[in-house]
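Here the structure comes first, spelled out in structure tokens, and everything after it is commentary.
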Amino acid sequence: MNPWWQVIPEPDAQAREAALARQARLTKPPGSLGRLEAIAADFAGWQGRAVPEAGQPWITVFAADHGVAAEGVSVYPQAVTAQMIANFAAGGAAISVLARELGARLEVVNLGTVADATDVAGVRHAVIAPATASFFEAPAMTMEQLERALDEGRSAAARAVEAGAWLFIGGDMGIGNTTSAAAIAAALLGSPAAALAGPGTGLDAEGVARKAALIDRAIARHGVDPGDPLAVLQTFGGFEIAALAGAFLAAASRR
């Protein structure tokens, strides 16, 4: 795999300091904007300019199904993923409304669903497979699939830059995605899954406990090195989660 994501510049410390100095000159009590002040300074460092720019925001929602959904970790069937892709494209989802309010470009990328969604217009179809494998039984992705998903994320960030966007916002959709996310976090942090797994789309307490136990057993079964984030992502991730990782890494490399 070509490690293109390793070429990421450090934040510009001078630009960040200049942003903080500018804030100190503004007519407001110091710290009155709370976390927004630190976020603005961080943006300045990432972009290398004292006054950061957030114009022409670009939103990409990556969608894909998860094999682990077969283990009963969601109250909704996998058909919902394809239905939500259609809803995004039709402008009926919450993110569609937010994009319109922000004046942001909204792009939907279909990376593979159990219920075929490739006939939905207005969607970028880049299907890798109908779903990942269930990580309860095997690694979720092959290395080739992981690389394709990362590259799809990189391509989305490149399209945003080419369109003149200064702000990239990524999102994901996929039944079973919170199980995948909790497994990744638990594997990387060495944390019990019970501390990270939640109800997702509406599991009851018994369902959450079952979800956490499944994650713990899968982590023990695979024995993935937490110091190897690519292996963790390959083993427990989803196509859309890997694409998000690729997009954020590429966006960071392009500032």
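Residues checked against (1) touching a strand residue (DSSP E or B) at 6+ places or on another chain (Cβ under 6 Å); (2) touching a residue at least 12 places away in the same chain (Cβ under 8 Å); (3) surrounded by 19 or more Cβ atoms within 10 Å (Cβ to Cβ):
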residue: Lys211; (1), (2), (3): no, yes, yes
residue: Leu214; (1), (2), (3): no, yes, yes
residue: Ala218; (1), (2), (3): no, yes, yes
residue: Pro226; (1), (2), (3): no, yes, no
residue: Leu233; (1), (2), (3): no, yes, yes
residue: Gly237; (1), (2), (3): no, yes, yes
residue: Ala243; (1), (2), (3): yes, yes, yes
residue: Gly246; (1), (2), (3): no, yes, yes
Members of segment 75-128 found to be assigned to a loop (DSSP other than H, G, I, E, B) and within 15 Å of Gly176 (Cα to Cα), listed by number: Val75, Tyr76, Pro77, Gln78, Leu111, Gly112, Thr113, Val114, Ala115
Subset of segment 107-123 (residues that are charged (D, E, K, R) and either surrounded by 23 or more Cβ atoms within 10 Å (Cβ to Cβ) or touching a residue at least 24 places away in the same chain (Cβ under 8 Å) (or both)): Glu107, Asp116
Unique residue being in contact (Cβ under 8 Å) with a residue 12 or more places away in the chain and more than 22 Å from Val224 (Cβ to Cβ) when the list is Gly153, Gly174, Gly200, Gly190: Gly200
Test: residue in segment 87-94 that is of a type in the set (A, V, I, L, M), crowded, with 19+ Cβ neighbours inside 10 Å and free of Cβ contacts under 8 Å to residues at least 12 places away in the same chain: yes
Lone qualifier among Gly72, Gly45, Gly67 - being touching a Gly at 6+ places or on another chain (Cβ under 9 Å) and over 26 Å from Asp151 (Cβ atoms): Gly72
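Hey, could you check segment 132-164 for residues that are among the β-branched types (Val, Ile, Thr) and surrounded by fewer than 19 Cβ atoms within 10 Å (Cβ to Cβ) and say which is nearest to Arg254 (Cα to Cα)?
Result: Val161.
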Gln145, sole failed condition from (1) under 22 Å from Arg124 (Cβ atoms); (2) touching a Leu at 6+ places or on another chain (Cβ under 9 Å): (2)
Residue within segment 219-234 that is closer than 18 Å to Ser74 by Cα and assigned by TED's automatic domain parsing to the domain that holds Gly112 present: no
Of all residues in segment 74-83 being modelled with pLDDT of 90 or more and of a type outside the set (Gly, Ala, Ser), the one that is farthest from Ala133 (Cα to Cα): Gln83
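The values are calculated or read from the model by the stated rules, or taken from the named source; none is laboratory data. Predicted model, so just to flag it, every value in this text is computed and none were measured. Backbone-built Cβ (ideal geometry, glycine too); neighbour counts: all protein chains shown.
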